[in-house]
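One structure is given below, encoded as structure tokens.
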Amino acid sequence: MNIPRRPRVSFYSLGCKVNQYETRQVAESLIRMGYQVVPFGQPADACVVNTCAVTDGADVKSRAVLRRAARAGDDPLVIATGCYADVAPDAVAAIPGVARVASNDEKPHLAEIVDEMVRQSGRLLFDLPDDVSPDASLPGDLISLLPGGEAIHRTRAVLKIQDGCNHFCSFCIIPFARGRLRSRPADEIVAEAGRRAAEGYREIVLAGICLGDYGDERGFPTTEGDPLARLLERLAAIPGLARIRLSSIDPRDVSGDLIATMARLPQAGRHLHLSLQSGDDTVLQRMRRRYDTAGFRGMVADLYAAMPEIALTTDVIVGFPGETAEQFENTVRMLQECRFAKIHVFPYSPRQGTQAARWPDDVPPAEKEWRVHTLIELSDRLACRFAARHLGQEVEILVERRDRRSGLLSGLTGNYLRVLVAGDDAERGRFVRARVVRTGAEGAFGERS
């Protein structure tokens, strides 16, 4: 009797940490169903591409990755999912080689969809030639879900705690792709975090499309205490869990309760990524953001007062419709005042279906490019200043990987400073201490304590 061979699947996840989490969930489900996960680009029976639509550039990259997936060996069944697949399903389905477009709503059942497609294709009835046999030395649960196939070491796990967004900023397509706010039950999140800690993960990252709205399905601040702060307290009580990080959060959702809770809990990572987008009130109003610059400055002051060591990073869109040179300079001044450790800069691109797409895209491309480079240079200067604050200090690093360029171990401190140190591969996933002896825009070098 001919026994069907073990099916192979690869993944490529673009965009946010929510996508990363959902990709990992699908991969783990398929591993339990007997699949072997292989690095993206290697011969496979199926390839799942989790697309992104946050910018026009994300659309372009999603299409390119889908075409690459279709060219991989053994003519894989390419399944496209994620936000770009959700908002432009016809365009995605028209890409040669795409066998199935799965909406975000179908992700909870995506493993079953993939398995049914693979088995109905009949490809498992045929043995693999020797030259395309999967490498048995790479267990499926240790293959990175990103290209390159780097083994996953149990350092950091992403946990999705909510999905959807109720706010509809004028430039953003994501609420149309993800739907209304939906929060996971706290008991379910705590149980999953406990399992990850038992598996050896020392750090978790809480992720969501509108993370700060966790637990408030109306999408507005609650007067009964911050549900996200209460969740942090419960997670901090899990044995073995040393760090809890928050992914990107809307500034309007950083409550006094959340700040006080983070400051009180040693497990709370001293880092927040605040999506500023602009440092000018007129631009913020046109973006339909829920805060103004005065409120943002006050919140930043509260964060530094409660946690002087905290690192703040941010996103900024330049060249938004109607943004003048003076309004851009307001953004530059605010970024300097807030002392961000890093700035992620994006040139505005219209997203079809959003309010802003109906307005003239009136900032010339050359001006947008100049503004992007101006903020990148500012980001590098601020990153150097942030890293230099740690010179001579002893820091605790959670080791993640070996840096390819230097050959040193690489890891992050609690306030998100990347530090390179000498050490053995056996120390991946462990905490080590080092004294910072040299710094730069990319992080720091440490000597072992």
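The values are calculated or read from the model by the stated rules, or taken from the named source; none is laboratory data. All values reported here derive from a predicted model rather than from experimental measurement. Cβ sites come from the backbone with ideal geometry, for glycine too, and all protein chains shown count toward neighbours.
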Self-check item: Qualifying residue in region 110-119 (condition: surrounded by fewer than 18 Cβ atoms within 10 Å (Cβ to Cβ), modelled with pLDDT of 95 or more and not in a helix (DSSP H, G or I))
Solution: no
Self-check item: Residues (within 16 Å of His109 (Cα to Cα), buried (at least 22 other Cβ atoms within 10 Å of the Cβ), out of contact with any Gly (no Cβ under 7 Å at 6 or more places or on another chain) and not small (Gly, Ala, Ser)) located in region 27-82
Solution: Leu30, Cys47, Val48, Val49, Ile79, Thr81
Quiz item: Pick from Arg264, Arg297, Arg288: which is over 23 Å from Asn415 (Cα atoms) and either surrounded by fewer than 16 Cβ atoms within 10 Å (Cβ to Cβ) or not basic (Lys, Arg) (or both)?
Solution: Arg288
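Quick one: which residue in Arg438, Arg404 is over 21 Å from Gly269 (Cβ atoms), modelled with pLDDT under 95 and of a type outside the set (A, V, I, L, M)?
Result: Arg404 is the single residue among Arg438, Arg404 that is over 21 Å from Gly269 (Cβ atoms), modelled with pLDDT under 95 and of a type outside the set (A, V, I, L, M).
Going by the conditions given, is Ile161 modelled with pLDDT of 95 or more, under 18 Å from Ala177 (Cβ atoms) and either under 20 Å from the mean Cα position of the chain (by Cα) or outside any helix (DSSP H, G or I) (or both)?
For Ile161, the condition - modelled with pLDDT of 95 or more, under 18 Å from Ala177 (Cβ atoms) and either under 20 Å from the mean Cα position of the chain (by Cα) or outside any helix (DSSP H, G or I) (or both) - is not met.
Let's see how each residue does on (1) in a loop (DSSP other than H, G, I, E, B); (2) of a type outside the set (A, V, I, L, M):
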{"position": "Tyr201", "(1), (2)": "yes, yes"}
{"position": "Leu206", "(1), (2)": "no, no"}
{"position": "Gly215", "(1), (2)": "yes, yes"}
{"position": "Arg234", "(1), (2)": "no, yes"}
{"position": "Ile238", "(1), (2)": "yes, no"}
{"position": "Arg245", "(1), (2)": "no, yes"}
{"position": "Leu258", "(1), (2)": "no, no"}
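Restricting region 413-435 to residues that are of a type in the set (Gly, Ala, Ser) and closer than 20 Å to Pro266 by Cα, which is surrounded by the most Cβ atoms within 10 Å (Cβ to Cβ)? Walk me through how you get there before you give the answer.
So in region 413-435, the residues of a type in the set (Gly, Ala, Ser) come out as 414, 422-423, 426, 429, 434.
Subset that is closer than 20 Å to Pro266 by Cα: 414, 429, 434.
Working: Gly414: 22, Gly429: 18, Ala434: 24.
Applying the filter and picking the extreme gives Ala434.
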Practice problem: Please enumerate the residues belonging to region 353-388 that are closer than 28 Å to Val205 by Cα and either in the same structural domain as Phe171 (by TED's automatic domain parsing) or buried (at least 16 other Cβ atoms within 10 Å of the Cβ) (or both). | Solution: Leu375, Leu378, Ser379, Leu382, Ala383, Phe386, Ala387
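Scan region 88-103 residue by residue and report those that are outside any helix (DSSP H, G or I) and in contact with a helix residue (DSSP H, G or I) (Cβ under 7 Å, 6 or more places away or on another chain).
Just the residues of region 88-103 that are outside any helix (DSSP H, G or I), to begin with: 88, 94-103.
Those that are outside any helix (DSSP H, G or I) and in contact with a helix residue (DSSP H, G or I) (Cβ under 7 Å, 6 or more places away or on another chain): Ile95, Pro96, Gly97, Val98, Ala99, Arg100, Val101, Ala102, Ser103.
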Quiz item: Across region 330-352, what is the total count of residues that are surrounded by fewer than 16 Cβ atoms within 10 Å (Cβ to Cβ) and among the basic types (Lys, Arg)?
Solution: 2
Exercise. Among the residues of region 325-344, write down those that are assigned to a helix (DSSP H, G or I) and either aromatic (Phe, Trp, Tyr) or at pLDDT below 95 (or both).
Key: Phe328
Practice problem: State which residue is farthest from the chain's Cα centre (by Cα) when the search covers only region 243-267 and only residues that are at pLDDT 95 or above and within 16 Å of Ala193 (Cα to Cα). | Solution: Gln267
Quiz item: Residues in region 311-324: is at least one modelled with pLDDT under 95, among the small types (Gly, Ala, Ser), not assigned by TED's automatic domain parsing to the domain that holds Thr413 and not in a helix (DSSP H, G or I)?
Solution: no
Quiz item: What is the number of the single condition among (1) at pLDDT below 95; (2) within 15 Å of Val26 (Cα to Cα) that Asp74 does not meet?
Solution: (2)
